Every structure is written in structure tokens, then in C-alpha cells.
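The structure appears right after this line, and notes come after that.
The values are calculated or read from the model by the stated rules, or taken from the named source; none is laboratory data. From a predicted model like this one, the values you see are computed outputs, not experimental measurements. Here the Cβ positions follow ideal geometry from the backbone for every residue, glycine too, while neighbour counts run over all protein chains shown.
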Amino acid sequence: MKRRILLALVLAAVLAAPALAGPDAAAIPGDADGDMHLTRAELAGAILGYLRDGGSAGAATGRQDVQDAACVYSCWGGTPLEVTDSAGRETVMVRPLRRVVVFNGETLETLRSLDFETERIVGIDKYSMEKSAFFPEFQDAENVGSIWSPDLERVVSLRPDAVFLYATISTGACDEIQAKLQSSDPSIRIFRFDCYKPASYMDEVETVGAITGREEEAARFAAFYTGIMDRIAGEVAALSEGDRVPVYFEYYDEYKTVATGSGYDEKIRLAGGRNLFADEPAEYPNIEPEAVIAANPSVVIKLVGKKLEFGGYRGGDAAPFAALQHQIMARPGWWSLDAVQQQRVYLIHSDLLGGAQHFIGTAYLAEWFSPERFAGLDPGTLHRQYLREFQHLAFDPLTDGIFVYP
């Protein structure tokens with residue numbers, strides 16, 4: 001508590017003064033003896049030095065140094081913060097993040113869930129920039145391209161102290177970006193997170209919360225997320241393999257499905273389903289139409305959102321959903337499927353199942369697979385709560401967009 005009070009006093013004392021450029025990224029600011037441990041006396045000395053020099057251009061301690069030192073002392077106990085990202089890379093931080101570039105929308109969404117300040121995010125990827133309805137506050141940020149076509153000159157010109165990349169997908173492209181950036185400016189810290197995989201997401205939220213100084217916000221979001229996922233897991237745990245609902249999950253293309261190793265297969269199992277094509281050798285195999293008829297799924301799930309670009313945060317027109325569902329159910333021979341006869345053919349938008357919102361999509365799958373078991377889950381209301389409380393968006397998924405059908 002005393003450290004928090006001291007931080008508030010420091011910020012009040014220096015807030016009105018101009019910031020000086022060029023902080024040393026390798027040392028703790030204010031650490032006079034260089035032992036990588038900022039003591040109370042050293043922090044006080046840094047504050048007094050700043051006040052004595054009046055924040056002049058020639059001052060030994062600048063505004064940002066004092067603010068950063070106060071943060072290191074109050075938040076990290078005066079020692080560097082050691083973090084390990086999802087690629088297993090260890091990074092030692094001696095200052096809080098001030099200027100951040102984010103190359104993946106899932107991490108950008110997660111940062112917003114943790115209330116990380118918008119103004120500290122100075123650059124975002126082109127695909128997040130295109131999602132103006134979902135990321136309206138970042139439309140003034142710099143567009144740094146994509147991981148496959150990055151604008152590295154622009155990234156470097158933004159003088160970021162951290163860049164976020166994927167950890168386990170497109171690793172070659174991300175490795176190349178990391179190597180080039182660190183070659184251009186070794187002080188840029190690179191963090192690798194996916195922020196879309198259920199198995200690792202909560203660990204990532206905790207680590208990102210530590211990196212950004214948003215531990216309390218991370219804990220609050222984690223409680224919301226695990227409250228949903230733990231409820232689903234508790235119900236599904238009672239199911240035997242034979243009790244799981246047989247599911248045919250179709251990717252964007254007709255008769256392209258998912259198998260073990262894909263994120264969608266993982267979510268099917270988490271929700272209590274049994275993926276009928278889980279044993280296919282490829283993660284996203286193409287199968288013969290006859291194979292689906294022979295397997296006779298009880299539930300069919302169709303993914304929309306990319307090659308089938310309608311719905312989601314783009315708007316609330318149900319006509320394309322209804323037309324596609326009718327087309328699927330009218331495929332040759334499908335009239336005999338249990339899923340068609342029982343009207344259990346569902347469409348779901350990739351916004352809810354392929355990214356940071358996967359827990360909302362998993363809740364929908366659970367409700368569709370076992371409607372009686374999950375009668376009170378109400379994924380639509382959970383989605384609205386997530387957008388309002390954690391994404392700070394006025395968008396109402398129950399009235400402003402269509403994410404599932406019917």
C-alpha cells in the first residue's frame with residue numbers, strides 16, 4: 001500500500017513536466033549503484049534529482065525515468081520482471097511498456113480485455129485495422145501490415161519498446177520479423193503469444209497481465225472465462241465416449257472438415273462432442289460426401305466468416321445464414337441424416353470460435369450438443385456481457401449482429 005501511495009505522489013509530481021527521450025532500456029531507471037535492485041532511497045534520490053533539476057534538458061533524471069522507476073518499485077518490488085512467453089522465450093523487463101506494436105488481433109483483443117491503455121498501442125496489423133466495427137478505437141493507430149507482409153520500416157519508426165507476435169502459428173514469418181527488428185534495434189522486446197487456444201489462454205492472460213501491469217484486470221477476466229469453461233468441463237466430464245454427440249464439423253469449403261490437432265477439434269471435445277473425422281491424417285482434411293452420409297452425424301456445424309463473409313460484427317442480416325443452412329440440408333442424400341431430420345444443422349461465425357472469443361463459441365457448441373444439460377448457459381447473454389464489461393463495446397450481439405444460426 002505504501003508503495004502504491006508513493007507511486008501516486010510521484011506521478012502527480014511529474015505529470016505536468018515534459019518527457020525526455022532516450023531512456024536506457026537495459027538498466028532499471030534510478031538504480032544508482034547499478035545492482036539491478038531499486039531501493040526506496042534510490043527512488044527518493046531520483047525523484048529529488050528530477051525536482052531539483054526541474055526536468056530540464058540536461059537533467060540526469062527525466063520525467064519518464066521517474067515514472068518508470070516508480071512503477072518498477074511499486075509494481076515489481078524494485079527488481080526486474082522476468083517473464084516467459086508462449087514460445088518459451090524468457091525476457092527481463094526493467095521498465096513498463098510505453099509504446100507497443102501488435103501483429104495479431106487475438107492479442108490485441110486480450111490487451112483490451114485487460115484495460116491496457118489504447119494510447120500505448122501505436123501500431124496494429126492490417127487485419128485488425130480492417131475490423132473497424134470491433135476495433136474502432138485503433139483506427140488512428142499505424143497500420144504495420146501483416147506477419148506475412150510486414151512494414152518493418154514503419155514499425156521501427158514508431159520506436160516501440162515491445163512488439164507482439166504469434167507463438168506457434170506462422171512461426172517462420174514471425175521468426176523473421178523478430179530477427180529483423182532486433183537486428184535493427186536490440187532494445188525492442190519481442191513477446192510471442194497466440195491468445196486463441198483454450199489449453200494455453202489463461203496462462204497467456206496471466207503473463208500478459210504481468211507484462212502490462214494489469215494483474216488485477218487479468219484475474220477478473222480469468223474469473224469470467226473460467227467460470228464459463230469450468231462449468232462446461234464439469235458437465236462434460238460425466239460423459240462417456242459413447243455419450244458424446246457425433247458431430248460433423250465443416251470448414252469454410254464444402255466437405256473440408258477438421259481432425260485431431262486442429263483448434264476446432266479441441267473445442268468440439270471440450271463442448272462434449274465426438275468429432276466423426278478426428279482420426280483423419282491431416283488437420284483439415286477433404287472428405288468424400290459419401291463419408292458424411294455413412295457417418296450419420298447427430299449434429300452438423302458449419303463455419304462461416306472468411307470465405308463465407310457475412311454475419312458477425314458486419315451486421316444482422318439473417319438471409320445468408322438461412323440460405324446456406326437450406327443449401328446444406330438439401331445436399332444429395334442428406335435427408336437421411338439424423339442431424340437434418342432433427343433440425344440440428346447449425347452455423348457459427350469464426351469470430352466466436354477461432355480467436356480470443358472461442359469460449360463463447362464453445363458455450364454455443366455445448367448448448368447445441370446437450371441442450372438439456374446446458375439449458376441455463378445462455379451463450380448470447382455471456383457474449384453481450386463480454387463485449388460490454390471487457391471489450392467496452394456498445395455493440396449488442398443479440399440485436400446488432402448474427403453470429404450463430406438458427
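For the stretch 119-157, a residue qualifies if it is buried (at least 19 other Cβ atoms within 10 Å of the Cβ) and polar (S, T, N, Q), and exactly one does: Ser128. For Glu215, the criteria (1) over 28 Å from Asp378 (Cβ atoms); (2) out of contact with any Gly (no Cβ under 8 Å at 6 or more places or on another chain); (3) surrounded by fewer than 16 Cβ atoms within 10 Å (Cβ to Cβ) hold in every case but one, which is (2). Of the residues making up the stretch 112-121, those that are among the aliphatic types (A, V, I, L, M) and either closer than 15 Å to Tyr386 by Cβ or modelled with pLDDT under 95 (or both) number 1. Kindly check whether there is at least one residue in the stretch 224-240 that is in contact with a Lys or Arg (Cβ under 8 Å, 6 or more places away or on another chain), part of a loop (DSSP other than H, G, I, E, B), of a type in the set (Asp, Glu) and assigned by TED's automatic domain parsing to the domain that holds Glu389. Checked against the condition, which is being in contact with a Lys or Arg (Cβ under 8 Å, 6 or more places away or on another chain), part of a loop (DSSP other than H, G, I, E, B), of a type in the set (Asp, Glu) and assigned by TED's automatic domain parsing to the domain that holds Glu389, the stretch 224-240 yields no hits at all. Looking across the stretch 212-232, the residues that are over 29 Å from Trp76 (Cα atoms) and of a type in the set (D, E, K, R) come down to Asp230, Arg231. The single condition among (1) assigned to a helix (DSSP H, G or I); (2) crowded, with 18+ Cβ neighbours inside 10 Å that Pro320 does not satisfy is (2).
For the stretch 339-406, please list each of the helices (runs of 4 or more DSSP H) lying entirely inside it that holds at least 1 residues being free of Cβ contacts under 8 Å to residues at least 12 places away in the same chain. Write out each step before concluding.
On the way: elements: 350-353, 358-369, 379-389.
The helices (runs of 4 or more DSSP H) meeting that bar are 379-389.
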